[in-house]
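Working notes, beginning with the structure itself.
The values are calculated or read from the model by the stated rules, or taken from the named source; none is laboratory data. Nothing here was measured: the structure is a model prediction, and the numbers come from that model. Neighbour counts run over all protein chains shown; Cβ positions are idealised from the backbone, glycine included.
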Amino acid sequence: MDGEDDAPKSLMEEMYANGIEGVDDAPSSSTSTTIRKNRPIISGEQLDIEAYAALYSGRTKIMRLIFLADHCDNSGMQLEALRMAYDELKKGENTQLFREVVQKIDGRLGPNYSTDATWCAMVDRKADQRKDKLESELNAYRTNLIKESIRMGYNDFGDFYYAHGALGDAFKSYVRTRDYCTTSKHIIQMCLSAILVSIEMGQFAHVTSYVSKAEQTPEALDPPTIAKLRCAAGLAHLEAKKYKLAARKFLEVGPELGNSYSEVIAPQDISYSSNAFTLQNKVIDNINFRNFLELVPEVRELINDFYSSHYASCLEYLGNLKSNLMLDIHIHDHVETLYDQIRSKALIQYTHPFVSVDMRMMADAFKTSVAGLEKELESLITDNQIQARIDSHNKILYARHADQRNATFQRVLQTGNEFDWDVRAMLLRANLLKHEYNLRASRKI
Amino acid sequence: MNSVEGLVNQIQGLSTTASDVLSLQNLLKQADDSLHAESTRLLPFLDQLDPSKHSLGYLYFLEACTAGPVTKEQAGSYVLMIARFITSCIAEQIRLAPDKFITVCKRFKDQVLLLEEPLRGVAPMLTAIRKLQSSSEHLTALHPEFLLLCLLSRCYKAGLSILEEDVFEVDQPRDLFLFCYYGLVASQTGNDKHWKKVVPESIGASTQCMLLLYTSVVVTAPMSTVNAIAVEAFKKYILVSLIHHGQSPTNLPKYASSVAQRNLKNLCQPYIELANSYSNGKIADIETYVEANKDKFESDNNLGLVKQAVSSMYKRNIQRLTQTYLTLSLQDIANRVQLNSPKEAEMHVLQMIKDGEIYATINQKDGMVRFLEDPEQYKTCEMIEHIDSSIQRLMTLSKKLNGVDELMSCDPLYLLKAGRERQRFDFDDFDNVPQRFNI
């Protein structure tokens, strides 16, 4: 997935230049600059679809491929993705999705990739048969009232629906097994299945509730399960735009996850998605997380840059990652917001230690013009994220320290006035109410 | 005829001590109908009574006299008579018959308006209010009439004196509604340049503040049907709070009556939208919006206020700049606030410095503005005094609130209602010793 060798020369030189500026900002980190000089920047422009797809399995692989095809401008990549999706679908039984993909291919891949009607019919027929068989089995179990068998029956049904793309039914079947769960292991299995289906459906509210259900089971969970649950919870928080919580959950994911959750997420993704949040969360000394970071060196570099205040190169890395992140099925909606937040975070961190900052130097560090920087700073100050004021004449940013005493006086007076206002309004209103009440009473008499 | 003469004699005899006046009032009440029946013949008797001594009797006679329709010529003489009566009457006596007094004063207003000389009514009406009200917190039925006269005679300064007083007691909700509405209109028209010359800025601001308060009360007042005053008041309320606070409460508070919550917004749609586009801070947007809806605003007579609101937006934007910048060139200010030229920006900034709304210095040589911090250090004697007086004021207010609360909890009507709502008293309410210890 990393086109390491594709890095254009110019980028490398730019990096080098950044490094020097970085020294201006924080002289202590000269060692890291030298290291970085030797390391070509990893370009995210080319995404190796085959390698990417190999990270995933099951339905999410297909969905991700389709997503890639939908969001990629490059028609070669599009077709490649669709071809792989087609192949993958052929192995499964999901005819509906198959037809969709064929429609998307639209005959561009030659006769081998057209609607295979006989195959569809065969699969459908088989599916019907299997469904009948499952139903009769389930009915038999139900009449016999064997809990375990009923559970298995529903589970099979869930698997069956899931394979055929009927996610809603699959979810229902999985949830129905709940009444027949006898051990906590069963419950966890039910929860994981339900979580898997609801992630596919995009129903992240269900994800959260089933994660908490699974976590409430009395028995201790084995590490891979915990890791899976954390992943799912992280995704749910991400969808709900609770980035901080999402980051925390992703950080808690242990290395045990390995490739076992490839149905949903690849380990690389975790570091990808969490990098964005870690920047806000400032958690880097987590040993477990290091392992994930090693999987994606550019993210590690990025975070190191961020912490050693090489904002320009950090943002550069981010910019390169952006196109890849945009192609991720879960994170793409949030890329813009997260990028904005990272940028403002960087700006805030940059200004934090200084009493006054030369805006020209700052603009250089952030690779932007002074005017543009001024605009960004202005909006941050207006949002009260930076306590500073801009000397637009000399292009200097001065930190501003609020005078607590004056502020207190001001607030006291203001509160007094508000109280005054409220009491008056209350008295007047009480008077009006009383009048109305008297009127009604006198009318009655 | 005899009865009237007898009455006049009784009035002359019974107008000295307080107890006498009370019995006189009973007499007059009984005679009221007959007085009205003979209203045309009463005028000569009025000369026999001295308004400064026999105020109560005079009032009854006067009321009966003026009951019928009046011509313009009659009105002239009546106005003189009533005005004289109002200035010379005894407050204690007329307060025994407030209804009569209010009717007479309202007629007085009508007659003044009939003569098209509203200015003549202003001073007597103010005296009438002072005599009628038990304290300055009392809003009488004459308040709105007085404001109306002030408005019509363009005598805003006189109206101001009454707007500044705290009002807590209201006789009729309608009075308050009208009072607020006229007050708003007065402040609206008064905010013309003419007004600014007459009134120092600080007084204007505090009055505006009071008005905002009254209006918010009007808007949130209990009402069973939407009334026109509330609707108009709400429109103006939105605009005035835009001018003063830079934002407008788009949602009515919870305690507003459900009728108001349901209907007011629909009735004032253009204003709500104006407030929304105001909060976006884009001057161009708001100007096009005002231009597009000019007719509506004009037909509501609110165009002036709307224009003020728009111009206050420049101020807001400039004030916002002071939070962000230490120095800024006039050209930049003009760009950011969307003014046409640096010259215009300079005028705005200058005006705002003058009005004490921002603290800044203009360097004309470089065309730079240097924004300063608020120089108030809260260390001066004046400041301490100001804070102290604020504390005192708030303490009296909260005492008053407590008093009202106590009154309310002793009010039989309230207790009756509260008792009815909780009809059945649980046995446990009275007995907090658990049952099992009773054995």
Residue by residue through segment B:14-24, note down the ones that are in a helix (DSSP H, G or I) and either of a type in the set (Ser, Thr, Tyr) or modelled with pLDDT of 75 or more (or both). B:19, B:20, B:21, B:22, B:23, B:24
Confirm whether residue B:100 is crowded, with 16+ Cβ neighbours inside 10 Å and within 18 Å of residue B:145 (Cα to Cα). yes
Restricting to segment B:93-120, count the residues that are among the acidic types (Asp, Glu) and part of a helix (DSSP H, G or I). 2
Working only within segment B:354-381, note down all residues that are more than 14 Å from every other protein chain (Cβ to nearest Cβ) and closer than 17 Å to residue B:324 by Cα. B:357
Looking only at segment B:55-71, decide whether some residue is more than 36 Å from the chain's Cα centre (by Cα) and over 15 Å from residue B:108 (Cα atoms). no
Run down B:323, B:261, B:308 and say which single residue is in a helix (DSSP H, G or I) and within 14 Å of chain A (Cβ to nearest Cβ). B:323
Identify all residues within segment A:174-211 that are small (Gly, Ala, Ser), in a helix (DSSP H, G or I) and under 13 Å from residue A:239 (Cβ atoms); write none if there are none. A:198, A:205
Per the filter on segment B:263-293, residues among the basic types (Lys, Arg) and under 12 Å from residue B:231 (Cα atoms) are B:265
Considering segment B:370-379 alone, what residues qualify as being basic (Lys, Arg) and not in a strand (DSSP E or B)? B:379
I need the full set of residues from segment B:297-309 which are surrounded by 15 or more Cβ atoms within 10 Å (Cβ to Cβ) and either without any contact (Cβ under 8 Å) to a residue 12 or more places away in the chain or over 25 Å from the mean Cα position of the chain (by Cα) (or both), in order please. B:303
If we scan segment B:265-284, do we find a residue that is farther than 30 Å from residue A:387 by Cβ, aliphatic (A, V, I, L, M) and within 13 Å of chain A (Cβ to nearest Cβ)? no
Going by the conditions given, is residue B:331 in contact with a Pro (Cβ under 7 Å, 6 or more places away or on another chain) and either in a helix (DSSP H, G or I) or closer than 20 Å to residue B:274 by Cα (or both)? yes
The residue that is nearest to residue B:219 (Cα to Cα), considering only those in segment A:404-427 that are among the charged types (D, E, K, R) and more than 10 Å from chain B (Cβ to nearest Cβ), is A:418
Consider only pairs whose beta carbons are under 9 Å apart and that are at least six residues apart or on different chains; among these, list those whose first residue lies in segment B:25-39 and is not in a helix (DSSP H, G or I) and whose second residue is not hydrophobic (A, V, I, L, M, F, W, C). B:38/B:3
Say we look at segment B:64-92 and pick out the residues that are in contact with a Pro (Cβ under 8 Å, 6 or more places away or on another chain) and in a helix (DSSP H, G or I); which of these is nearest to residue B:120 (Cα to Cα)? B:83
Of the residues that make up segment B:370-385, is at least one in contact (Cβ under 8 Å) with a residue 12 or more places away in the chain and among the aliphatic types (A, V, I, L, M)? yes
If you scan segment B:344-369, which residues turn out to be touching a residue at least 12 places away in the same chain (Cβ under 8 Å) and outside any loop (DSSP other than H, G, I, E, B)? B:345, B:346, B:348, B:349, B:350, B:352, B:360, B:362, B:368, B:369
Filtering segment A:362-410 for residues that are on the phi > 0 side of the Ramachandran plot and surrounded by fewer than 13 Cβ atoms within 10 Å (Cβ to Cβ) leaves a count of 1
Members of segment B:157-182 that are among the hydrophobic types (A, V, I, L, M, F, W, C) and either outside any helix (DSSP H, G or I) or touching a Phe, Trp or Tyr at 6+ places or on another chain (Cβ under 6 Å) (or both): B:167, B:168, B:170, B:180
